[in-house]
Structures are given as C-alpha cells and as structure tokens.
1. With respect to residue 242, determine if the residue is near ligand 2 (Cβ under 9 Å from one of its atoms), at pLDDT 95 or above and not assigned by TED's automatic domain parsing to the domain that holds residue 111.
2. Which of the residues that make up the stretch 260-287 are surrounded by 19 or more Cβ atoms within 10 Å (Cβ to Cβ) and near ligand 2 (Cβ under 8 Å from one of its atoms)?
3. Would you mind stating whether residue 300 is more than 16 Å from ligand 1 (Cβ to nearest atom), over 20 Å from residue 203 (Cβ atoms) and at pLDDT 95 or above?
4. Being more than 15 Å from ligand 1 (Cβ to nearest atom) and closer than 30 Å to residue 206 by Cβ is the filter here; which residues of the stretch 238-268 pass it?
5. Within the stretch 164-179, track down each residue that is at pLDDT below 90 and surrounded by 13 or more Cβ atoms within 10 Å (Cβ to Cβ).
6. For the stretch 71-96, which residues satisfy the criterion of being in contact (Cβ under 8 Å) with a residue 40 or more places away in the chain and either closer than 13 Å to residue 134 by Cβ or within 10 Å of ligand 1 (Cβ to nearest atom) (or both)?
7. So residue 225 passes all but one of these: (1) within 22 Å of residue 194 (Cα to Cα); (2) modelled with pLDDT of 95 or more. Which condition number does it fail?
8. What residue, of 188, 140, is away from ligand 1 (no atom under 16 Å from the Cβ), in contact with a helix residue (DSSP H, G or I) (Cβ under 9 Å, 6 or more places away or on another chain) and at pLDDT 95 or above?
Ligand code: HEC
Ligand code: HEC
C-alpha cells in the first residue's frame, strides 16, 4: 500500500519494507505537498524550438513510412488516414489530441503501442518514418532533412483547440454519491493502480489462469485489460472523472455542500486532471521511471486539496465536521 492509501484509509501498511523505493518517493511527495499547496507549478517542459510546419521530414522518408503503413496500419486507420476501427490520423480531431506536444510523443505512441496487439514490435526507424507519412497526410510540408530521433523532442505539433474548449456538449450531471463515496469509488482505486507501478513492473503483470478457481467477474475482468493497458486506463479514469468533483449539488459526507464555487477548489481539481493526463502520457511511454515520476505529481495533486478541505479538524475515515468548509 502506498502512503496515500495509508492516509486515506488510516491503516498501517501491510507491505512495510517491501517497496522501499515507493515509500521513500511517496513520503518525499507528501512532505512537498504542504509547500506546494496553492502553487500550481505543473510539468515544466523544455519548449520545442521548431514545429512540424517547418519542413521536418523528407518526401522519401514519408514514402518509406507509407509502405509500412499499407502493410501494418491501413486496415485499422484507413486508406487516407481517415480512420476505421482505429481513430483518424489526420484532421482537427487527431491534432487536438496531440496539440502542442513534441513529436517524440507521437513517435513513442506508435512505437510503444501500435499496431494494436502486434506480435512483432515496430522498429524506432519505422515509427519515425510512419510519423513522417502521417505529417505528410496532414498537409505539413516536406523539407531537406529527414526526421531523426535526435530532433524529435525539439519539434512541436501544432496548437489546436480541443473539442470541449471549442464548444462541447451540455450534459447535466445529477450527483448520486456523496464526495467521499465518489473519491473511494473512482479516484482511490484508479490512483492505487497507478501507484502500483512503483513496486511492480506492468510488463511482468501476467494474470494467472482463472480456470482452476471458481469464476469471479472482478478477477476475470482484470485479465481482459492487464499490464500497461490497466495503467493507461486508470490514468484516464483519474483525468476524466476529476471534473465530477465540480458538479454542483453534491454534498460531503457531513452534509456540507461540496465547495464547487471556490476558485482554489477548482484549481485543485484541475491539478488532478493535469496529473492524470501526465500519468497517461507517462504510461503510454511504457517507462516505469516516467510513471513513478508522474505518481509524485498525482500524489501532490490529491494531497494538496486534502490538506485544505479533508484532513482538517478530525482524524480518520469518514469523520470530520470541518471537512468541505466554504472558508477554510
Ligand atoms: C488492429 C487495429 C489497429 C492497427 C493495425 C493499428 N492501430 Fe493505431 N490505433 C488503433 C486503435 C483502436 C487506437 C485507439 C486506442 C489508442 O490510442 O491506443 C489507435 C490509435 C493510434 C494512434 C493515436 C491516435 C490518436 O488519436 O491519438 C496512432 C498515432 C496510431 N494508432 C498509429 C498507428 C500506426 C502508425 C499503425 C501501424 C503501424 C497502427 N496505428 C496500427 C488500432 C489500430
Ligand atoms: C478538490 C479537492 C480534492 C481533490 C483534488 C481530491 N480530493 Fe479526495 N477528498 C476531498 C474531500 C473534501 C474529501 C472528504 C469528502 C467527504 O467527507 O465527503 C475527500 C475524500 C477522499 C477519500 C475518502 C476518505 C475517507 O473519508 O474515507 C479518498 C479515498 C480520497 N479522497 C482520495 C482522493 C484521491 C486518490 C485523489 C487524487 C486522485 C483525491 N482524493 C483528490 C477533496 C479532494
């Protein structure tokens, strides 16, 4: 169990000593959490100096990419990158997913996760050539030099507004859970799946056969999207569900309304969305170290809000008349 888990359920760790690195890192994050309260210094990235509009690949390279594409990608992404089983790899919807990110992230995504359920992984060069082909298909110009591994981090994809920033649907959500239940139902289990990367490499997570035991939906379900995909999905659950903290009308366990109108409450929530997004990107990189790095940010995001709105007044699970005060 992680430190966060310990704090949340107020129980002693059962695995003391088992995950030294985990305990050390999480403890460090908890120490920092106080200092960071209210300060949202989110991931500082070195800014790429060029964009894909600057002629960053060659026509010959895109042609090599096209060959691999026809052999390995076309069935799922379409003849003209328009998508079929998989999403489109050109157009505004696609670009908004990758808005302003360095090209290396797109190459990594292809290299680490495509073709879906592949038996033989793509080489780095193939992944870069495929990216050149995707850039060509997106209307970005070819140039004099090939896209090279060394340059990838220094080239940005264009900035494109996301669908929700550009309008989005108007869905009214009616709260059913109190805030504590919502946290226990989604944020807590999803975070613990991500924190588990501190002590277990998802690549080694081979689910045991269930046949020998009596059937159990939960055990069976864990075998359907195991390993790294489970980490991807947990990170997405965190990012996508955090805005539910902002739904008006929800109450905390003590009956106080969730302080959704407070600016800091919104900022703490946005920090969790961002931490979930960072954890997802880290998981997509298939790097244990990157996810461990991301867990620090996630832990801070949860703890910063808890310090102000949850862990006040009383200790322990489900108690605290001072929780969710409008004016902490
Ligand atoms: C069996 C179907 C399948 C094949 C084959 C396949 N993909 Fe995909 N691809 C998907 C699905 C489904 C997704 C969405 C899920 C995800 O992002 O992992 C996806 C997502 C992507 C994305 C991210 C798109 C986005 O909107 O963020 C890229 C880039 C991509 N694929 C490139 C490729 C390339 C390049 C190949 C060939 C080497 C390939 N895919 C082969 C099914 C496939
Ligand atoms: C915007 C503020 C905020 C953020 C962000 C936040 N929480 Fe909470 N959390 C609370 C409050 C307030 C409570 C107490 C709710 C209540 O009493 O109804 C709570 C309660 C909980 C509980 C239940 C504790 C108990 O009483 O048993 C868990 C578990 C939890 N949070 C986990 C998380 C995790 C994990 C994250 C990060 C992914 C997170 N929370 C992010 C404010 C927040």
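The values are calculated or read from the model by the stated rules, or taken from the named source; none is laboratory data. The structure displayed is predicted, hence computed values, not measured ones. Glycine gets a Cβ as well: all are built from the backbone with ideal geometry, and neighbour counts include every protein chain shown.
1. Yes.
2. Within the stretch 260-287, 265, 268, 271, 272, 275, 276 qualify.
3. It is true that residue 300 is more than 16 Å from ligand 1 (Cβ to nearest atom), over 20 Å from residue 203 (Cβ atoms) and at pLDDT 95 or above.
4. Listed by number, the residues that qualify are 238, 241.
5. Filtering the stretch 164-179 for residues at pLDDT below 90 gives 164-178.
Across the stretch 164-179, the qualifying residues are 175, 177, 178.
6. 72, 73, 76, 80, 81, 89, 90, 91, 93, 94, 95, 96
7. The single condition residue 225 does not satisfy is (2).
8. Answer to the check: 188.
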